[in-house]
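Reviewing the structure listed below.
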Amino acid sequence: MEFQFTEEQLMIQRAARDFAQNECLPGVIERDEQQKFPKEQIEQLADLGFMGMMVDPQYGGAGMDTVSYVLAMEEISKIDASTSVCMSVNNSLVCWGLDKYGTEEQKQKYLTPLAKGKKDGELYIGAFLLSEPEAGSDATSQRTTAEDCGDYYLLNGTKNWITNGNSASVYLVMAQTDASKGSHGINTLIVEKKWPGIVVGAKENKLGIRGSDTHSILFNDVKVPKENRIGDDGFGFTFAMKTLAGGRIGIASQALGIAGGAYELSLKYSKERKAFGTEIMNHQAIQFKLSDMATRIEAARLLCLRAAWEKDEGKDFTLSSSMAKLYAAETAMWVATEAVQIHGGYGYVKEYHVERLMRDAKITQIYEGTSEVQKIVIGRAILK
Ligand code: CAA
């Protein structure tokens, strides 16, 4: 067993750290306040090859491994989780699934520009449309329908909480074709946002990751050609679950980064801030908090890297990705809350960043499977 990164992985980590410091940090507070989508940052990430990190270069990707993806996600999330969620969704929920299960034509037409993050010089990213008003954790209860009409599907229904909802050009939409078959009657369709019958709802006014672009999407008799179905008829739910297992590595890394960002700020503050005649780092109450933060973050990092390694090795990573997501998300929420406590009154105001990290941490316990859903997945795996 080796606990060492390759030169290439370290280079990617450094590039992501520099990018986060130089391009994400300026204006991050304002973007959060104004709920401004980080378009410039995403375009720069596309130029760095970070929007299709794990895709084969023949389809526009950077051909990197999942470990590199974890390192990049962690560094960017330390500073700006609104930017990193957009990156995570495009990489793991959109590009990975198309790369693994798409046809050659789908890869040429959709994956190649999505992995580049640009088409004709313009931003070109994707979104993953599984959640519905009444199907969140209970994802098999899809109400959106894809009626089989011969050479096309007729799509009707509403999707909720869609990351990249307005900025995406391509949607991967899960919809029920044959309700009598339950989860085996669901298909995943590649849908272009510009097609007639699609309405993008208002941007959600969220607690955290306020820069990210979250919308409802409504489909009203949208015609989707049959060749835009991913996999065989009825493969849509399996596609969603397999893709989400990879997505959970991305969100686990995002949570890891949020925790790391809050910890680094707390460490710095503890060395500067004085109370009772000495820097607060000299008080055992603060030392114990920092020790617990550092230990939990290290454990979360090892779980993330383990899941990434299993994925790169072609092993089944469903269990390890759920464990990483569960532990990293809980760690992020705990560490960010303690970071606010260490900062005292300063932690409660925007300039010190930790209150934003605390708000951003919360969503990692909810999206791409709540902490409770991860426990279902873990429970089923260890009890079978
Ligand atoms: N791989 C392959 N197949 C799988 C699978 C996997 N990982 N997980 C389940 N399946 C299969 C099952 O084997 C089953 O098939 P059979 O009937 O042939 O056995 C079928 O799919 C249905 O599975 P379950 O019976 O296990 O379904 P369930 O109703 O009990 O639900 C669940 C399981 C784990 C709770 C699932 O519904 C789930 O993961 N829910 C959470 C959904 C989620 O993560 N949503 C996030 C939305 S996306 C998002 O947040 C993106 C964003 O914008 C940031």
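The values are calculated or read from the model by the stated rules, or taken from the named source; none is laboratory data. Remember, it's a predicted structure, so these values are computed and weren't measured experimentally. Backbone-built Cβ (ideal geometry, glycine too); neighbour counts: all protein chains shown.
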Looking only at region 300-326, count every residue that is more than 20 Å from the chain's Cα centre (by Cα) and away from the ligand (no atom under 16 Å from the Cβ) and tell me the total.
1
Take the residues in region 80-106 that are small (Gly, Ala, Ser) and assigned to a helix (DSSP H, G or I), then tell me which one is nearest to GLY157 (Cα to Cα).
GLY97
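Being crowded, with 21+ Cβ neighbours inside 10 Å and closer than 26 Å to VAL89 by Cβ is true for just one of ILE297, ILE376, ILE366. Which residue is that? Steps first, please.
Values: ILE376 fails: crowded, with 21+ Cβ neighbours inside 10 Å; ILE366 fails: crowded, with 21+ Cβ neighbours inside 10 Å.
The conditions single out ILE297.
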Failed condition for LYS109, given (1) in contact (Cβ under 8 Å) with a residue 12 or more places away in the chain; (2) in a helix (DSSP H, G or I)
(1)
Please verify whether region 191-198 includes one or more residues that are out of contact with any Cys (no Cβ under 8 Å at 6 or more places or on another chain), within 19 Å of ASN90 (Cβ to Cβ) and crowded, with 19+ Cβ neighbours inside 10 Å.
yes
Please list, ordered by residue number, the helices (runs of 4 or more DSSP H) wholly in region 1-74 having 2 or more residues that are within 16 Å of the chain's Cα centre (by Cα), under 19 Å from SER253 (Cβ atoms) and modelled with pLDDT of 95 or more.
39-48
Taking region 123-139 and the residues there that are within 10 Å of the ligand (Cβ to nearest atom), surrounded by 15 or more Cβ atoms within 10 Å (Cβ to Cβ) and in a loop (DSSP other than H, G, I, E, B), the one that is farthest from the chain's Cα centre (by Cα) would be ALA139
Could you list all residues from region 353-371 that are among the charged types (D, E, K, R) and more than 8 Å from the ligand (Cβ to nearest atom)?
GLU355, ARG356, ARG359, ASP360, LYS362
